[in-house]
Amino acid sequence: MNWRVFILAASTFAVGLVELIVGGILPNIADDLNISLAKAGQLITVFALVYAISAPLLLSLTAKIERKRLYLTALLIFTLGNIITYFSTTFLLVMVARIITAMSTALVIVLSLTITSKIVEPHHRAKALGLIFIGVSSSLVVGVPIGIFVTEVFGWRSVFLGIGILSTLSMVLVFNVLEKMPVEEVTPLNIQIKSLGSPKIYLAHLITLFMLAGHYMLYAYFTPFLIEAFNMDSLLISLCYLIFGIASVTGNAIGGWLSDWIGSSKSILLVTSSFAIVLFLIPYTTVNLPLFLLMIVLWGALSWALTPALQTYLIQTDPKTSDIQQSLNTSALQIGISIGSGVGAVIFTMSGSVMNLASFGSVLVLIALGCAIISLKKPSLY
């Protein structure tokens, strides 16, 4: 496999850190900017929504720009967005910076996927793309405990300065090791949208959307949840996030093994239904910390166990547009995060408590299960 893929994966890890790292430090941001936790949670919602829209749109609008130059430009804009966050003094300025970093993150990750598919041999493509997804998923789950630790030592703004330094290092690596790539024809946006015409395809994307919406209903406010349930200090909170992160990365590998063992269809049904049950039970396990920690492991493992099976299912369902479907599925994932964190903020504001967010989230996961059942029953496109 082309070793340059590892550089691209490292870049996706660097830019992926910025999205959910705020979830663990929401109280710090809210206190410093003198806003409510629910309002601070909008930083997650808006980022995910902008990302979802930007991923396919920017790829089409920048189709005529040489890929390496575009990649470096996106990384530069991403770095500037983090510097703006570091020097920000108001919530509005932080929000503007989040929009900038969301757009550039979307472009970096989608470019990483499309460039990877071009620079590797066809028989290594699935493994190489899987490596890019590992870079993204690991940044989402490892970033939070890192963010909590850095915030406690240096303050929350230093988190974004650190991410800016990482993205600068990525620029240096990409500049030196990635070859210039001639512009190739990119599928127009209207064609990408038309590929969703099949119910079997768009229902598959809705599985991701509602699964992630249910998940982030709680995960976006996990720090307030831990404080309300156990009155945890920052060290224990960071430990819980670390346990969750390790379980998530492991779950991704387990999901791939499960999909190979029982098939993608059965794996999708098993993971989705199990996730709904675990999410519903989480609030009822707070009476016992060891039991709750066990539930965190199950929650984390199942949260990313769906990805390998669903990616395989999309490729098997429509191999001709598999690259497009990967891009659109990342958008569905981000829309799910936006919906989950946004609805979670509303429920949090109305009830004044985060304890019931997981139970509401399980309802959204059940909708994902319904989409899976219907999609799997639809006849194959080929």
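The values are calculated or read from the model by the stated rules, or taken from the named source; none is laboratory data. Fair warning: this is a prediction, and the values are worked out from it, not measured in the lab. Every residue, glycine among them, receives a Cβ derived from its backbone with ideal geometry; neighbour counts consider all protein chains shown.
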*May I ask you to list the residues in region 219-244 that are in contact (Cβ under 8 Å) with a residue 24 or more places away in the chain and among the polar types (S, T, N, Q)?*
Thr223, Ser234, Ser238
*Verdict on Tyr216 being free of Cβ contacts under 8 Å to residues at least 24 places away in the same chain, of a type in the set (Phe, Trp, Tyr) and either surrounded by 20 or more Cβ atoms within 10 Å (Cβ to Cβ) or in contact with a helix residue (DSSP H, G or I) (Cβ under 7 Å, 6 or more places away or on another chain) (or both)*: no
*Of all residues in region 54-68, which are surrounded by fewer than 16 Cβ atoms within 10 Å (Cβ to Cβ), in a helix (DSSP H, G or I) and at pLDDT 80 or above?*
Leu61
*asked:* Going through Ile77, Ile109, Ile119 one at a time, which residue ends up being hydrophobic (A, V, I, L, M, F, W, C), at pLDDT below 85 and within 26 Å of Val5 (Cβ to Cβ)?
replied: Ile119
*Candidates Leu17, Leu26, Leu8 - the one that is farther than 24 Å from Val153 by Cβ, assigned to a helix (DSSP H, G or I) and not assigned by TED's automatic domain parsing to the domain that holds Tyr216*: Leu8
_Ile35, sole failed condition from (1) at pLDDT 90 or above; (2) part of a helix (DSSP H, G or I); (3) not basic (Lys, Arg)_ = (2)
*Those residues that are in contact with a Leu (Cβ under 8 Å, 6 or more places away or on another chain) and not in a helix (DSSP H, G or I), I need them from region 73-112; list them, please.*
Thr90
_Restricting region 224-271 to residues that are in contact with a Phe, Trp or Tyr (Cβ under 8 Å, 6 or more places away or on another chain) and of a type in the set (Val, Ile, Thr), the residue that is surrounded by the fewest Cβ atoms within 10 Å (Cβ to Cβ)_ = Val249
_Among (1) assigned to a helix (DSSP H, G or I); (2) free of Cβ contacts under 8 Å to residues at least 40 places away in the same chain; (3) farther than 30 Å from Leu111 by Cα - the single one Lys320 does not satisfy_ = (3)
*asked:* Given the condition at pLDDT below 90 and hydrophobic (A, V, I, L, M, F, W, C), answer yes or no: does some residue in region 219-230 qualify?
replied: yes
*Would you mind telling me which numbered condition in (1) at pLDDT 90 or above; (2) buried (at least 20 other Cβ atoms within 10 Å of the Cβ); (3) within 20 Å of Asp31 (Cβ to Cβ) Ile207 fails?*
(3)
*Inside region 263-307, can you point out the residues that are in contact with a Gly (Cβ under 7 Å, 6 or more places away or on another chain), within 16 Å of Val354 (Cβ to Cβ) and of a type in the set (Phe, Trp, Tyr)?*
none
*Within region 338-382, which residues are part of a helix (DSSP H, G or I), within 29 Å of Ile21 (Cβ to Cβ) and of a type in the set (S, T, N, Q)?*
Ser338, Ser341, Thr349, Ser351, Ser359, Ser362
*List every residue pair whose Cβ atoms sit under 7 Å apart, with the two residues 6 or more apart in sequence or on different chains, where the first one lies in region 274-298 and is over 13 Å from Ile243 (Cα atoms) and the second, anywhere, is buried (at least 16 other Cβ atoms within 10 Å of the Cβ) and β-branched (Val, Ile, Thr).*
Phe275/Val365; Ala276/Val365; Leu279/Val365; Leu291/Thr285
_Can you list residue pairs whose Cβ atoms sit under 9 Å apart, with the first residue in region 80-106 being touching a residue at least 40 places away in the same chain (Cβ under 8 Å) and buried (at least 22 other Cβ atoms within 10 Å of the Cβ) and the second being in a helix (DSSP H, G or I) and acidic (Asp, Glu)? Count only pairs 6 or more apart in sequence or on different chains._
Thr101/Glu19; Ala102/Glu19; Thr105/Glu19
*Give Leu236, Leu166, Leu161, Leu178 a once-over and let me know the one that is over 21 Å from Ala102 (Cβ atoms), modelled with pLDDT of 85 or more and out of contact with any Gly (no Cβ under 8 Å at 6 or more places or on another chain).*
Leu236
*State yes or no: is Leu8 touching a residue at least 60 places away in the same chain (Cβ under 8 Å) and not polar (S, T, N, Q)?*
yes
